[in-house]
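S.K.: Questions regarding the structure given below will be posed in turn.
The numbers here are math on the coordinates, done by the rules we state, and not lab data. Keep in mind it's a predicted model, so treat the numbers as computed, not measured. For neighbour counting, all protein chains shown are included, and Cβ atoms are generated from backbone atoms with ideal geometry for every residue, glycine included.
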Amino acid sequence: MDEKVLTFRAILNRLYFMKSVLTMSVTKISEFLNAFEAHGVNKKEALKSANINPCVLESPDNRLTGAEVDRIVQAAVRLTNNENIGLCQGEMLSKGFSSILGYILMNCSTLGEATEKYRQYEKTVDDTGITDVKMENGFVVLSNTTIDTALANNRQFSDFRIAGTLSYIKLLTGKRIVLHEVHFTHPKPEDTSEYRRIFECPVLFDKSTNALVFERRSLDLPIIEPNKELISLFEKKAQETLNASASNETYAKKVTGIILKEMKGDLPSIHSVAKKLAMSVRSLQIYLRSEGASYTKLVNEIRKNMAVKYLKEKNASIGEIAYILGFSETSAFHRAFKKWTGIAPGEFRSGDVFNQGSFGTSPACACTQTGPADMAPSGQK
């Protein structure tokens, strides 16, 4: 085996645990790899054509970047001459495709529980997308949002995810759920016959997310032969994997660091911050939301903390502080600071508030994170 390739793969796996890149386990993409041989194409040669060393297959613990997965999918389309390869491979999905996560799902009590467990442990096999479940108009919307920009416009992989989800539901429950609708983010293909055949319901394109829409009662379907004793063991292993991959630096901290570094009279936009993190604005917003944060909240928290710091130091005028914090007018800074703390900047600087013991006791001051949306640049939540 090529020592350089081994070294690179080890670095990639380490970067996954540092959360520097978005990756997917080899087991998750295994069905696409099997697509080559199912169509008479040598798997290893196909990987080489996608500029990926076949040694990646030698360990199920190896992970692929979104860009690598994109190349594999495009190679599958090219070598099989099948634009519907994603649908086909999703329809053929095998029960053990997701390693430890698959074992967890197979030992849940109901489809509803399996859905929640998938959301909980999804990152053990794939952090290029985020799965969500919500109710809309009495129907369950089981969606997956691709957050890796390398895969965001890959029609075949979106098809694979959604067709594969439907197949996996049938493998887990032994039942084919009745779908109300299916949604895809990509444009409508010229030929939709395969979509109609596989999903047997209205299929809508150019939607905001990829999703299966079905009746609420389907979540109560029992899983075939679950073992509640085994599930705790598998969950323990999955949690250990998540703990190992958890970064000491959340996206909120990363964004905060960039804002503090770049803020020199002009507040960096969410677009520039996302660019520095090598992701789309939408992906950054999704990650921040998953951490209970938002760009607006972070901006307001940074501004408030820096305002308190500069006012205490007394080295800059209130007007200069307003400029440093990115306010267009001193009056806007006055209004913001009073909403954050319950007092005016001048009153805070005078020190009277400390002598009276009132700072930090007012209801306005109790809120340490949020401020009105108009305190941050518009459109940057």
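S.K.: Could you give the length gained on full extension between residue 133 and residue 178, defined as 0.36 nm per residue of separation minus the Cα-Cα distance, in nm? Before the final figure, lay out the partial values.
M.R.: Details: separation 45, 0.36 × 45 = 16.20 nm, distance 1.68 nm.
My answer for the length gained is 14.5 nm.
S.K.: Determine the gain in length on full extension of the stretch residue 116-residue 328; use 0.36 nm per residue of separation and subtract their C-alpha separation, reporting nm with one decimal.
M.R.: Numbers: separation 212, 0.36 × 212 = 76.32 nm, distance 4.56 nm.
Fully extending the segment from residue 116 to residue 328 adds 71.8 nm.
S.K.: Among rounded, prolate and oblate, which fits segment 82-150 when a ≥ b ≥ c are the square roots of the eigenvalues of its C-alpha gyration tensor, a/c under 1.5 means rounded, and a/b larger than b/c means prolate? Spell out each step's value before the answer.
M.R.: On the way: a/c = 1.39, a/b = 1.13, b/c = 1.23.
It comes out rounded by the Cα gyration axes.
S.K.: Beyond 18 Å between alpha-carbons counts as too far, so tell me which of 253/276; 28/253; 28/188; 134/297; 304/338; 207/275 fall in that bin. Mind dumping the intermediate values first?
M.R.: On the way: 253/276 14 Å; 28/253 30 Å; 28/188 26 Å; 134/297 25 Å; 304/338 10 Å; 207/275 25 Å.
Where the Cα-Cα span goes over 18 Å, the pairs concerned are 28/253; 28/188; 134/297; 207/275.
S.K.: To check my understanding: the extent here is largest minus smallest coordinate of the Cα atoms along each principal axis. What are those three numbers for segment 3-244, in Å, largest first?
M.R.: Over segment 3-244, Cα extents along the principal axes are 54, 47, 30 Å.
S.K.: Please give the contour-minus-distance gain from residue 206 to residue 83: 0.36 nm per residue of separation, less the Cα-Cα distance, rounded to one decimal in nm. Numbers along the way, then the final one.
M.R.: Working: separation 123, 0.36 × 123 = 44.28 nm, distance 1.77 nm.
Extra length from residue 206 to residue 83 when fully extended: 42.5 nm.
S.K.: Something else now. Largest first and in whole Å, give the semi-axes of segment 211-335's equivalent ellipsoid, each being the square root of 5 times a Cα gyration tensor eigenvalue. If you can, show how the numbers build up before the last one.
M.R.: Details: eigenvalues 397, 61, 37 Å².
They are 45, 17, 14 Å, listed from largest to smallest.
S.K.: Here is a further query. Tell me the label-point distance for the pair residue 51, residue 229, using the 7 Å Cα-to-Cβ offset, in nm and rounded to one decimal.
M.R.: 5.2
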